[in-house]
1. Given the residues 33, 17, which is the only one that is over 17 Å from residue 61 (Cβ atoms), at pLDDT below 80 and surrounded by 10 or more Cβ atoms within 10 Å (Cβ to Cβ)?
2. Kindly establish whether residue 24 is surrounded by 10 or more Cβ atoms within 10 Å (Cβ to Cβ) and modelled with pLDDT under 80.
3. In segment 43-83, which residues are under 12 Å from the mean Cα position of the chain (by Cα) and either assigned to a loop (DSSP other than H, G, I, E, B) or on the phi > 0 side of the Ramachandran plot (or both)?
4. Tell me yes or no: at least one residue of segment 96-107 is within 30 Å of residue 22 (Cα to Cα) and either at pLDDT 85 or above or within 20 Å of the chain's Cα centre (by Cα) (or both).
5. Name the single residue that is nearest to residue 97 (Cα to Cα) among those in segment 14-42 being in a helix (DSSP H, G or I) and in contact (Cβ under 8 Å) with a residue 12 or more places away in the chain.
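The values are calculated or read from the model by the stated rules, or taken from the named source; none is laboratory data. Since we're looking at a predicted model, the values are computed, not measured. Because the Cβ atoms are built from the backbone with ideal geometry, glycine has one as well, and the counts that use them run over all protein chains shown.
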């Protein structure tokens, strides 16, 4: 069996598990099951646990991390422009550093992602 066939089979198996979880959780009265979560809600989800296949969750996490890094670079470049920008950067340097450390440490610790492989 080729690697492409194995990957397709793995994704298919993960999708089958997601459908089974959906059916099991929907029928269980003890679980407050929400269902599908929109991608715009991943950082502030309406649930305690997100369940996803490994490929999708990896793409979401890498996209969020890349976006945060890019936004940080853009903010830094803008703050370096002009006299008042540099003063603003100096005045807010401690806050920006604390924000960067907090965001990088906690961005994915606010919820659990369970990967199905």
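1. 17
2. Working: surrounded by 10 or more Cβ atoms within 10 Å (Cβ to Cβ): yes; modelled with pLDDT under 80: no.
So residue 24 fails the test.
3. Once the filter is applied, which keeps residues that are under 12 Å from the mean Cα position of the chain (by Cα) and either assigned to a loop (DSSP other than H, G, I, E, B) or on the phi > 0 side of the Ramachandran plot (or both), segment 43-83 yields 43, 44, 45.
4. Yes, that holds for at least one residue.
5. Top of the filtered list is 39.
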